[in-house]
Structure formats: structure tokens, C-alpha cells
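**Student:** Structure below; questions to follow.
The values are calculated or read from the model by the stated rules, or taken from the named source; none is laboratory data. Nothing here was measured: the structure is a model prediction, and the numbers come from that model. Ideal geometry is used to build each Cβ from the backbone, glycine not excepted, and the neighbour counts take in all protein chains shown.
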Amino acid sequence: MSSRQPTLFDAAPDPWELDAATEQLTAEVVFFDPPHGPFDYLVPAPLAARLRPGQRVQVPLGRGNRPIVGYCTAIAAKSVGQRTLKPVGRIVDDQPLLSPPMLRLAHWMSDHYLCPLGQILQTVIPAGVRGQAGTREMTFLSVPDAIRAQLAAGTLKVGAKQHEALKVLAASSRPLTPQELAQAARCTLAPVAELRKKKLVTAQVRRIQQMEALEQVVHREDHLVLNADQQAALETILAALREQRHETVLMHGVTGSGKTEVYIRAIEEVIQYGRQAIVLVPEISLTPQTRQRFRSRFERVALLHSHLSDSERHWHWQQIAQGQVQVVVGARSAVFAPTPHLGLIVIDEEHDASFKQGEQPRYHARDVGEQRASAENVPLVLGSATPSLESWHRASRSVLSTQHAVPSNEHADPPNPLRLIDMPRRVEDRPLPAVATIDLRTEFQSRASRGAVSRSLHRAIDEALADDGQVILLLNRRGYSTHIQCPACGFVAKCPHCDLSLKHHRKEEKVVCHYCDHEEPSPARCPDCSFDGIRYAGFGTERLESEIKARFPGVEVLRMDSDTMQRPGSHEQALDRFRRGEVKILLGTQMIAKGLDFPNVTLVGVINADLTLHFADLRAAERTFQLVTQVAGRTGRGDKGGRVLVQTFSPDHYAIQAAIEHDYARFAAAELPSRREHLYPPFASLIRLIVRSESDSAAEQFIESAAARLRAAIAAKKIEHRLLGPAPCPIHKLRGMFRYHVLMSSPAGELLRHAVRDVLDDLEPIEGVQWVVDVDPLDLL
Ligand code: ADP
Ligand code: ZN
């Protein structure tokens with residue numbers, strides 16, 4: 001601090017006096033809608049003691065001082081200088097909705113995903129919690145001490161009924177509602193109201209949750225004896241747990257290697273410390289089987305699935321926040337469960353695309369989970385039979401870096417270590433199923449009947465059924481026909497709002513767009529040339545179902561896809577029927593590929609493995625490998641063993657070859673060089689800017705100017721990078737909007753993000769043009 005000669009007649013106060021005079025208690029507030037803030041507000045004295053970061057507040061916004069609710073994210077004594085700040089109007093929440101660590105996590109997300117904090121908070125806090133769903137305000141009465149004394153001394157002058165009610169209330173061990181008091185004192189509500197009017201009782205309003213805890217009766221299960229691989233995996237996790245340090249562990253275990261059993265043991269230890277665990281699974285894996293498995297091992301489990309009502313979700317959230325829950329099992333958003341003493345995060349099937357949110361904020365639960373685990377000093381366990389190449393690459397880099405220094409270029413993000421645990425065997429020495437391909441090219445030439453099932457697959461199904469086994473058939477496309485074309489004029493039935501062909505759904509005789517759900521009646525003749533022989537081609541699950549029913553008459557068949565599984569609970573009912581053996585053949589989309597454990601399944605058929613292979617997507621090969629491996633893992637889980645038949649036009653493709661041999665390392669070795677060459681993940685971070693508008697030219701103009709600025713800003717960072725585009729998106733028109741994108745990648749992800757943020761912050765909005773930025777995108781359509 002600089003000293004200043006004191007003078008006798010100082011006109012201006014010393015600088016530090018000025019600070020002291022104008023320093024005020026301020027709250028930083030952000031909003032869900034634009035303008036997102038943050039803005040500073042004054043905290044009026046009466047609110048100062050109650051307001052904390054993480055609570056919502058009502059504040060005046062804009063010229064008209066429109067009252068609006070926002071999140072208070074920080075409170076500080078600030079020198080406000082010449083600024084006149086508006087005051088906070090009212091505090092909305094009694095308690096903060098976010099703990100300080102969760103608030104820091106939200107800040108990290110806002111920074112990483114280039115998304116306003118207000119939007120992040122709206123995602124972190126469930127709607128049911130924000131709306132206090134399933135709660136009611138109730139009034140509770142109690143007797144103040146002074147009145148209590150008068151009552152005891154017999155100096156209180158009130159009517160007999162009021163006196164009786166007062167006595168009852170004073171004797172009660174807890175405050176009572178007016179109704180409860182009237183009932184207990186055997187009077188009407190009138191004397192109670194009279195007591196309140198005379199201020200002889202104090203009234204307090206509290207919010208009460210109405211949900212009742214439903215005690216589930218579950219069958220307790222005993223421990224299994226872990227095998228050597230499981231034991232080693234457990235020890236690794238426990239070491240980090242006991243030292244209370246963060247470590248990310250990738251459990252690469254083949255399907256049926258007993259990964260879940262290891263999670264359960266680690267969680268048991270966490271619970272002994274009085275801490276809580278969060279287990280994330282893909283939504284589709286939240287089957288009764290999974291629930292039963294956790295419920296049978298732990299006393300207090302919260303299962304967060306998408307069919308919960310707002311009230312149920314709020315109730316669970318409160319239970320979790322109060323430390324009443326030991327284990328939270330849920331889909332993507334369960335990563336935000338407000339556990340007060342987190343001990344462990346597990347992400348099962350960590351490669352699954354459902355962990356990435358498809359809308360703003362486009363977060364990935366794996367990356368958010370890692371950030372959270374690291375900030376709270378707890379281990380993160382990732383499990384998969386087919387890890388994402390991002391995780392796999394980190395694991396192999398970590399091995400290398402402990403052996404010798406890995407050369408890295410100057411600006412690249414620092415390596416993020418990850419420990420690999422290998423579980424290459426199934427439990428109890430069960431063999432992995434034998435997988436074989438059926439070459440559709442030769443099948444196609446020799447095939448007598450037109451259909452989706454080859455002769456060899458038909459025979460295999462016959463054998464499996466004769467052996468009293470069950471069959472799973474995967475076809476990753478729903479509907480009946482997938483291509484509707486006029487052979488006379490070439491017309492193709494397309495969605496009027498999207499750039500996509502319509503799919504025929506025969507049961508309802510309609511054609512449907514699978515992106516925007518537009519539907520119209522199936523055309524009997526060509527809408528263009530009126531030719532009446534319009535052709536329906538291509539196979540979806542609905543058509544496969546009728547083919548299977550025709551081929552295997554009398555055999556119970558069940559189709560599982562998003563058309564047949566719309567009602568809540570239908571998925572569970574279907575799986576139950578399959579488990580009980582009422583259904584012999586289960587067919588469906590990728591919905592059936594995940595996590596199911598049916599010992600009696602002896603045959604898995606993949607109808608067409610190429611559907612995902614030739615997608616315009618950098619991860620097409622990875623997705624195909626994952627899907628085939630995962631669905632193959634559904635068989636051979638019992639004593640009967642099992643086999644897998646994969647129909648494909650590309651039997652020599654490395655993704656299919658590696659899946660057949662259950663050889664993840666081979667797949668990774670074949671795929672990684674091209675990723676490196678194109679500067680794609682896992683060698684670089686990816687950011688995608690998407691612009692859309694009802695006007696094709698407006699969207700194009702906007703993206704061109706944005707791309708030029710992005711190019712300049714990234715070049716100025718002097719980092720290795722690639723910028724692709726601007727170009728029309730692979731689906732150029734979607735839901736009536738024309739779409740363009742720019743794809744940027746760099747090994748220096750942090751600097752790339754900075755460059756993009758600077759440009760986005762300055763982008764002038766144009767009427768009718770929207771843009772979104774997707775950091776670490778998975779979907780490139
Ligand atoms: P993953 O999660 O790797 O697919 P699971 O943990 O679901 O494997 O185990 C597959 C099956 O093996 C389950 O039915 C499970 O109960 C059983 N299992 C797991 N560990 C053991 C063990 N040590 N001994 C016997 N059975 C086991
Ligand atoms: Zn459409």
C-alpha cells in the first residue's frame with residue numbers, strides 16, 4: 001500500500017476509506033434464459049443472514065425491472081464504485097440447491113462445454129426439485145416459552161376450549177398442524193384460530209414432502225467368492241479408496257467377467273466409511289435385473305430412471321441430499337446426485353453413447369464424473385467390454401509414460417493418467433461364445449427366397465429351438481420397409497421437413513420420419529407419376545418379425561424396439577416373459593444388445609452388421625465393433641454355451657474380424673492410426689459448431705462468416721489443428737431447418753476451446769439463425 005502525505009484539509013477521502021464506504025454485500029446471479037449474466041445485485045440487510053450461494057433468488061431485470069428468478073452463485077463484499085446496484089427481491093429456496101463442490105462442478109461444465117452457467121444449473125438441478133414437486137406448505141403451531149410459563153402458573157385468562165387446546169399443544173413433543181391440534185384437543189378449528197389471533201401460539205410454515213417411503217421387500221443375496229481377476233481389480237480400487245485419493249480406473253472386462261460384482265464389493269467398503277456411491281448405467285440397462293441386484297445387496301438404494309415423476313425425483317433427491325441413501329443407481333443425470341459425502345463413482349458400459357446429452361448442455365457424464373471424482377478426491381471406476389477409444393488410449397499412454405517419457409507436442413493438453421485393469425476371462429471359466437460370419441454377398445447370389453434371414457442362420461435357429469434354447473436377433477433399424485421408391489419414375493418418399501427417407505410401418509399403414517416423427521398414410525400409388533406399383537424395400541424390425549413368424553410358425557416371438565416399448569414398464573414386462581421362457585425368440589434394435597444376462601440364450605444372430613459400418617461418422621467402425629461384441633456377449637452365459645452368427649457384406653472388415661475374435665486390442669490397433677492421421681479423438685479434442693435456420697442462405701452466410709473468424713482465432717493460437725468446413729451437415733435439412741457445421745480439432749483442446757469461446761462471445765445474433773456449439777461431439781450428423 002502506498003503511503004500518502006496527510007494534509008490538513010483533505011478534500012477527498014483516502015482510497016481505503018472510499019473502499020470501505022462503498023463496499024457492499026453483493027450477490028452474483030445467473031439466469032437460464034438470455035441475458036444469462038452473471039449480474040451483481042445488492043443483498044438487503046434483512047436477507048444477508050439467510051442468503052447463500054446455491055439458492056435461487058427473485059431479482060428485478062432490465063429497464064422495466066421485470067421480476068425474474070435466477071441462481072445466486074456467489075456472495076461477496078464488493079466495492080461497487082459508481083454503479084448503482086438493484087437489490088435482491090426475495091429468496092426462493094430455504095436451503096441451497098447446490099453444495100459448494102457441486103457449484104464448482106457447474107462452473108467447470110460451463111467453462112468446458114462453452115455453455116452459460118444458468119443453463120448448466122437448470123440441468124444439474126432436476127425440474128422436480130426446482131418446482132418442489134410433491135410438497136405442500138403446512139402450518140405448524142407451538143407454544144412460546146412466555147405463554148408456556150403463564151399456562152403453568154395458571155395466570156392465563158382464556159376460554160375453556162382454548163385453554164384445553166393450549167395445554168395439549170404445550171404437552172406435545174413436536175409442533176402440530178391446526179388440524180392435528182383440533183383433533184388432539186377434541187375441539188373444532190375455531191378455538192385454535194382464536195389462539196393464533198391472540199398470538200398465544202406461534203405459527204411456522206414449512207414445506208413437507210408427501211411421498212411415502214415404500215419399503216421394498218427384497219430377497220437378500222449372499223456374497224460370491226471372487227475369482228483372482230476380480231480380487232485383483234477390487235484391490236486396485238480399494239487402494240485408492242483407502243488412501244482417499246482420486247484415480248480413474250478402467251476395468252476392461254469381457255462380457256460376463258464379473259465387473260458388476262467388483263463394483264458391488266467396492267461400494268460395500270465405501271458404505272462402511274459412511275459415504276455414498278453413485279453408479280451410472282445406460283438408461284436401457286436399468287432393468288429389473290440390475291435393480292434387484294443392487295437392492296439385494298444394499299439397504300438404501302435410490303434408482304433414478306427416466307419414468308420417475310417429478311415428485312418421485314424430488315423425493316429421491318431430498319433423501320440423497322440428507323445422506324439417507326447409500327447407493328444411487330441411475331442414468332446420465334445421476335452424476336449430479338447431491339450425495340453429501342461421495343465415496344466412489346462407477347460408470348458401467350462407459351463407452352455407451354447415452355452418457356452424452358444430445359441437447360444443451362451437451363455434457364458427457366464420463367467427463368463430468370471424472371471432474372467430480374477428482375474434485376472430491378474419490379476414485380472413478382469405468383467399466384466396459386468395449387471401452388471407448390478415448391479411455392483406452394489414455395490407459396495405454398499411462399502405461400507408456402511410466403516406462404519411458406512420452407514425447408508430446410508443446411501445447412497439447414497434459415496427459416491424463418488412467419489405470420487399466422484387465423479381466424480377460426468370464427467367471428467360472430465359462431467360454432466366450434464362438435462367433436462366425438455369414439457372407440451376405442454369396443448368400444445373396446444363391447438365396448432362393450428373399451428375406452433377411454440366410455439359410456445358415458435359419459438352420460441355426462432351428463437347432464437352438466430344438467435344443468430348447470432361446471434366440472436373440474439384432475437388427476438395428478425399426479419399421480417395416482426402410483425405402484419406398486417408385487420403379488417407374490424413381491420418386492423416393494422423403495420427409496417434407498427433413499432430408500431423410502420415410503420408413504414404412506405396416507401395422508398402422510403409415511410412413512414415418514424417424515427423426516422428426518412426421519407421418520402420413522402409406523402411398524398406394526406414386527404421388528408423382530401415379531404408377532401403382534410403388535416399391536417397399538429394405539428391412540426393419542417389424543418386417544423381420546413377420547418373416548420370423550412365417551419361418552417358425554407356432555414359436556413365440558417378441559419384438560423389442562422403441563415402437564413396441566413405448567409404455568412405461570413394457571420393456572420390463574418383455575424381458576420378464578423372455579426370462580421365464582414364454583418367448584423363444586427375442587428380436588429388436590440395439591435395445592436388446594446391452595447388459596442382459598439370460599443363461600438360456602444359446603444363439604445370437606446379427607441380421608446386418610453393416611448398418612452402422614458405413615455411416616458418415618468417424619466412430620462408425622467403433623460403434624459396429626461395440627454393437628457386435630455387446631450383442632455377442634448375450635449368449636453363452638449358462639451351462640449350455642452359445643454361439644453367434646453375424647450376417648454381413650463386409651466379413652473382412654477389421655471391426656467385424658476383431659469382434660469375432662473378441663479381440664479389443666486388435667480393433668484398437670487397427671482403428672487408431674486413421675484417427676491419428678485425421679487428428680480425430682482420442683488424439684485431439686473436437687468442437688463442432690452447428691448453425692441452423694429456416695432460410696438456407698441465411699444459415700450458409702452466417703456459418704461462413706463464423707468459420708472465417710474461427711479460422712483466424714485458432715491460427716492465432718499457433719496450435720496444431722484442423723478445421724473442416726463450413727459444409728452442409730450430413731442431414732442438411734432437419735425439422736424444417738437448414739443446417740451447416742464446422743468441425744474443429746486439436747491436440748491442444750484447452751487452447752482450442754479458448755479460441756472458440758472468444759469468437760462465440762462476439763458473434764452477433766441474426767434474426768432467424770440459431771447456432772449451438774458441441775464440445776466433444778459424438779453425433780456428427
Ligand atoms: P459383467 O458385469 O462383467 O458382465 P457380472 O458381474 O454381471 O459380469 O457377472 C456375470 C454373471 O456371473 C452374473 O450372473 C454374476 O452373478 C456371476 N458372477 C460374478 N462373479 C462371480 C463369481 N465370483 N463367482 C460366481 N459367479 C459370479
Ligand atoms: Zn422428418
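**Student:** May I ask you to verify whether LEU475 is at negative phi and within 16 Å of ligand 1 (Cβ to nearest atom)?
**Tutor:** The answer is no for LEU475.
**Student:** Scan (1) more than 15 Å from ligand 2 (Cβ to nearest atom); (2) under 37 Å from the mean Cα position of the chain (by Cα); (3) within 30 Å of VAL601 (Cα to Cα) for the single condition ALA537 breaks and write down its number.
**Tutor:** (3)
**Student:** Additional query: Among the residues of the range 712-743, what is the count of those that are buried (at least 17 other Cβ atoms within 10 Å of the Cβ) and under 17 Å from LEU763 (Cα atoms)?
**Tutor:** Looking only at that region, the number is 6.
**Student:** Right, next: Just the residues that are surrounded by fewer than 18 Cβ atoms within 10 Å (Cβ to Cβ) and either within 16 Å of ligand 1 (Cβ to nearest atom) or under 20 Å from LEU734 (Cβ atoms) (or both), please, taken from the range 481-498.
**Tutor:** Passing the criteria: HIS483, VAL492, LYS494, PRO496, HIS497.
**Student:** Among the residues of the range 388-419, count how many are more than 24 Å from ALA748 (Cβ to Cβ) and at pLDDT 90 or above.
**Tutor:** 1
**Student:** Any residue that is over 25 Å from GLY636 (Cα atoms), more than 10 Å from ligand 1 (Cβ to nearest atom), free of Cβ contacts under 8 Å to residues at least 24 places away in the same chain and surrounded by fewer than 17 Cβ atoms within 10 Å (Cβ to Cβ) - is there at least one of those in the range 219-227?
**Tutor:** No; the residues of the range 219-227 include none that is over 25 Å from GLY636 (Cα atoms), more than 10 Å from ligand 1 (Cβ to nearest atom), free of Cβ contacts under 8 Å to residues at least 24 places away in the same chain and surrounded by fewer than 17 Cβ atoms within 10 Å (Cβ to Cβ).
**Student:** Here's a follow-up. Just one of the numbered conditions (1) within 16 Å of ligand 2 (Cβ to nearest atom); (2) closer than 23 Å to MET737 by Cα is not true of LYS510; which one?
**Tutor:** Just one mismatch for LYS510, condition (2).
**Student:** Got a sec? Which of ILE267, ILE284, ILE237 is in contact (Cβ under 8 Å) with a residue 24 or more places away in the chain, more than 21 Å from ARG372 (Cα to Cα) and among the aliphatic types (A, V, I, L, M)?
**Tutor:** Result: ILE284 is the single residue among ILE267, ILE284, ILE237 that is in contact (Cβ under 8 Å) with a residue 24 or more places away in the chain, more than 21 Å from ARG372 (Cα to Cα) and among the aliphatic types (A, V, I, L, M).
**Student:** Pick out the one residue from ARG430, ARG426, ARG506 that is over 32 Å from the mean Cα position of the chain (by Cα), within 16 Å of ligand 1 (Cβ to nearest atom) and surrounded by 13 or more Cβ atoms within 10 Å (Cβ to Cβ).
**Tutor:** Residue meeting the stated conditions: ARG430.
**Student:** Any residue at all in the range 459-480 that's within 16 Å of ligand 2 (Cβ to nearest atom), polar (S, T, N, Q) and either surrounded by 15 or more Cβ atoms within 10 Å (Cβ to Cβ) or farther than 27 Å from GLN647 by Cα (or both)?
**Tutor:** no
**Student:** Which count do you get for residues in the range 481-507 that are among the hydrophobic types (A, V, I, L, M, F, W, C) and within 15 Å of ligand 2 (Cβ to nearest atom)?
**Tutor:** Counting residues in the range 481-507 that are among the hydrophobic types (A, V, I, L, M, F, W, C) and within 15 Å of ligand 2 (Cβ to nearest atom) gives 7.
**Student:** On to the next question. State which residue is farthest from LEU586 (Cα to Cα) when the search covers only the range 622-657 and only residues that are buried (at least 20 other Cβ atoms within 10 Å of the Cβ) and charged (D, E, K, R).
**Tutor:** GLU622
**Student:** While we're looking at this one, here's another question. Name the one entry in ARG559, ARG580, ARG543 that is basic (Lys, Arg) and in contact with a helix residue (DSSP H, G or I) (Cβ under 9 Å, 6 or more places away or on another chain).
**Tutor:** Matching residue, one of ARG559, ARG580, ARG543: ARG559.
**Student:** Checking VAL691 against (1) among the hydrophobic types (A, V, I, L, M, F, W, C); (2) farther than 19 Å from ARG735 by Cα; (3) in a strand (DSSP E or B), which single condition isn't satisfied?
**Tutor:** It is condition (2) that VAL691 fails.
**Student:** Out of everything in the range 643-666 that is among the β-branched types (Val, Ile, Thr) and in a helix (DSSP H, G or I), what residue ends up being farthest from ARG619 (Cα to Cα)?
**Tutor:** In this case the residue turns out to be ILE660.
**Student:** Looking at SER546, is it surrounded by 19 or more Cβ atoms within 10 Å (Cβ to Cβ) and either of a type in the set (S, T, N, Q) or farther than 25 Å from ASP610 by Cα (or both)?
**Tutor:** Criteria not met by SER546.
**Student:** For LEU114, are the conditions met, namely being modelled with pLDDT of 90 or more, under 30 Å from HIS754 (Cβ atoms) and touching a helix residue (DSSP H, G or I) at 6+ places or on another chain (Cβ under 7 Å)?
**Tutor:** yes
**Student:** In addition: Name the strands (runs of 3 or more DSSP E) wholly inside the range 24-118 in which the number of residues that are of a type in the set (Lys, Arg) is 2 or more.
**Tutor:** It comes to 66-79.
**Student:** I would also like to ask the following. Identify, please: which residue in the range 229-286 is within 16 Å of ligand 1 (Cβ to nearest atom), under 24 Å from VAL301 (Cβ atoms) and of a type in the set (Asp, Glu) and is, among those, surrounded by the fewest Cβ atoms within 10 Å (Cβ to Cβ)?
**Tutor:** GLU268
**Student:** Moving on to the next point. Tell me yes or no: at least one residue of the range 746-760 is within 16 Å of ligand 2 (Cβ to nearest atom) and assigned to a loop (DSSP other than H, G, I, E, B).
**Tutor:** Within the range 746-760, none of the residues are within 16 Å of ligand 2 (Cβ to nearest atom) and assigned to a loop (DSSP other than H, G, I, E, B).
**Student:** Would you be able to tell me the number of residues in the range 136-186 that are outside any helix (DSSP H, G or I) and either modelled with pLDDT of 90 or more or not basic (Lys, Arg) (or both)?
**Tutor:** 19
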